[in-house]
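Novice: Quick one: the structure is below, and I'll ask about it shortly.
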Amino acid sequence: MKIKRILVSQPKPSTPKSPYFDLADKSNVKIDFRPFIQVEAVPAKEFRTQKVNILDHTAVIFTSRTAIDHYFRIAEEMRITIPDTMKYFCISEATAFYLQKYIVYRKRKIFHSTGKFVDLVDVVKKHKDETYLVPLSDIHKQEIPTLLNKAKIKYTKAILYRTVSSDLSDLKDVNYDILVFFSPSGIASLLQNFPNFEQNETKIASFGPATAKAVKDAGLRLDIQAPMPQAPSMTMALEQFIKQFNKGQK
């Protein structure tokens, strides 16, 4: 049987120019979108148990827009006024621009990197006298504390939000030819929602080495992996796989 239906475990793209829509047209497949994980706020009462004082820090390291949202949320809930002198170090230029939602951008000291945390640490190392706060999810990349420790940066982790599995019970009787995952949390959500999941002929696609490892650790078969030299994006990997697989299929 040809591949006809794909489920992408992320929100539906907000732009009509998404490569997923191009893939659907080009490969004649139906693509549905459904987040397998969602973000929950850590309330101020729970945050206080971490004994982290935001105003003890002179700078903040932001690895995502979500981190920015929850940093300013917790400050508002705790009635903390963030001083104008606070410095912001962002993983990318797009993340830095997102700060405009909360502050007057041109009046603040804001630094950004290329999108890679290792490059952001190089920027941070030029400001070693600062004391950094790093807002994170309960599930975060281990490279963040590892690289900061290696660089001997003074910092405090603040868990301001957590990643939890979405309720996918409405998908129980829906069958897809390919399931697409972007994080180990997505795999965990699949197994939490469907503990008796049997892969059978369903293909699994993963993005990034950590997600690929999670697929294999769960005892599942990994059929499509990205990024790869010949397929740097997930849509390219899917298109190549579908083209090859559908040859000779009815």
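The values are calculated or read from the model by the stated rules, or taken from the named source; none is laboratory data. Worth saying up front: this structure is predicted, and the values here are computed from it rather than measured. Cβ: placed from backbone, ideal geometry, glycine included. Neighbour counts: every protein chain shown. In case anyone asks, the SASA skips ligands and DNA or RNA and just uses the protein heavy atoms, side chains included. Shrake-Rupley method; radii C 1.70, N 1.55, O 1.52, S 1.80 Å.
Novice: Counting heavy atoms of the protein chains only and a 1.4 Å probe, report the per residue accessible area for the stretch 1-82 as a whole number of Å². Provide the component values of the computation, followed by the final result.
Specialist: Numbers: 4840 Å² over 82 residues.
About 59 Å² of surface per residue is accessible.
Novice: Right, here's the next one. What are the residues whose amide H is under 5 Å from the amide H of Phe62, where those residues sit 5 or more places off or on another chain and H is modelled from the backbone?
Specialist: Phe89, Cys90, Ile91
Novice: Principal axes first, then extents: for the Cα atoms of the stretch 68-153, list largest minus smallest coordinate on each axis, whole Å, largest first.
Specialist: Extents along the principal axes, in whole Å: 33, 29, 25.
Novice: Through the Karplus equation 6.51 cos²θ - 1.76 cosθ + 1.60, θ set to phi - 60°, convert the phi angles of the stretch 44-53 into ³J(HN,Hα) values in whole Hz; use x for Gly and Pro.
Specialist: 4, 4, 6, 4, 4, 5, 6, 6, 10, 9
Novice: Additional query: Would you mind calculating the gained length between Val164 and Phe97 on full extension (0.36 nm times residue separation, minus the Cα-Cα distance), in nm to one decimal? Please list the in-between numbers first.
Specialist: Working: separation 67, 0.36 × 67 = 24.12 nm, distance 2.73 nm.
Contour length minus the Cα-Cα distance gives 21.4 nm.
Novice: Could you check how much of the accessible area of the chain is carbon and sulfur, as a whole percent, using a 1.4 Å probe? Before the final figure, lay out the partial values.
Specialist: On the way: 7220 of 14150 Å².
Looking at the chain in its full context, I get 51 percent from C and S.
Novice: How far is it, in nm, from the label point at Phe21 to the one at Arg34 when both lie 7 Å from their Cα along the line to the Cβ?
Specialist: If labels sit at Phe21 and Arg34, their model points lie 2.2 nm apart.
Novice: Give Lys51/Lys141; Lys154/Lys216; Lys51/Lys150; Lys17/Lys101; Lys12/Lys109; Lys45/Lys216 a once-over and call out the pairs whose C-alpha atoms are over 31 Å from each other.
Specialist: Details: Lys51/Lys141 22 Å; Lys154/Lys216 37 Å; Lys51/Lys150 24 Å; Lys17/Lys101 25 Å; Lys12/Lys109 34 Å; Lys45/Lys216 38 Å.
Cα-Cα > 31 Å for Lys154/Lys216; Lys12/Lys109; Lys45/Lys216; rest within.
Novice: Once R0 is set to 51 Å, what does the formula 1/(1 + (r/R0)^6) return for the Cβ-Cβ distance between Glu77 and Asp122, expressed as a FRET efficiency to the nearest 0.05? Before the final figure, lay out the partial values.
Specialist: Details: r = 33 Å, r/R0 = 0.65.
FRET efficiency, Glu77 to Asp122: 0.95.
Novice: Residues of the stretch 206-250 with amide nitrogen under 18 Å from the 7 Å Cα-to-Cβ point of Lys2?
Specialist: Label zone hits: 238-250.
Novice: In Å³ and rounded to a whole number, note down the convex hull volume per residue for the Cα atoms of the stretch 7-71. Don't skip to the end; give the middle numbers.
Specialist: Details: hull volume 7.5 nm³, N = 65.
Value for the stretch 7-71: 115 Å³ per residue.
Novice: Residue separation times 0.36 nm, minus the C-alpha to C-alpha distance between Glu143 and Thr58: what's the value?
Specialist: Values: separation 85, 0.36 × 85 = 30.60 nm, distance 2.23 nm.
Here the answer is 28.4 nm.
Novice: Hey, another quick one. Where in the chain are the DSSP H helices whose alpha-carbon span along the long axis reaches 15 Å or more and whose Kyte-Doolittle mean is at least -1.0?
Specialist: On the way: long enough: 65-77 (18 Å, -0.72); 234-245 (16 Å, 0.37).
Both cut-offs are met by 65-77, 234-245.
Novice: Still on this structure, please answer the following. At 222 nm, what value in deg cm²/dmol follows for the chain if DSSP H runs of at least 4 each add -39500 (n - 2.57) and the sum is divided by all its residues, to the nearest 500? Numbers along the way, then the final one.
Specialist: Details: 9 runs with 80 residues, N = 250.
That comes out to -9000 deg cm²/dmol.
Novice: In nanometres, what is the gap between the two model label sites at Glu46 and Lys154, each 7 Å from Cα along Cα-to-Cβ?
Specialist: The two pseudo-label positions are separated by 3.0 nm.
Novice: Starting from the Cα gyration tensor of the stretch 181-223, take the square roots of the eigenvalues, sort them a ≥ b ≥ c, and report rounded, prolate or oblate (rounded when a/c is under 1.5, otherwise prolate if a/b is larger than b/c, else oblate). List each step's numbers first, then the result.
Specialist: Values: a/c = 1.86, a/b = 1.22, b/c = 1.52.
Judged from the Cα gyration tensor, the stretch 181-223 comes out oblate (a/c at least 1.5, b/c at or above a/b).
Novice: Further, regarding this structure: Which of these values of Kirkwood radius over Cα pairs in Å was calculated from the structure shown: [x] 17.8; [y] 20.3; [z] 19.1?
Specialist: [y]
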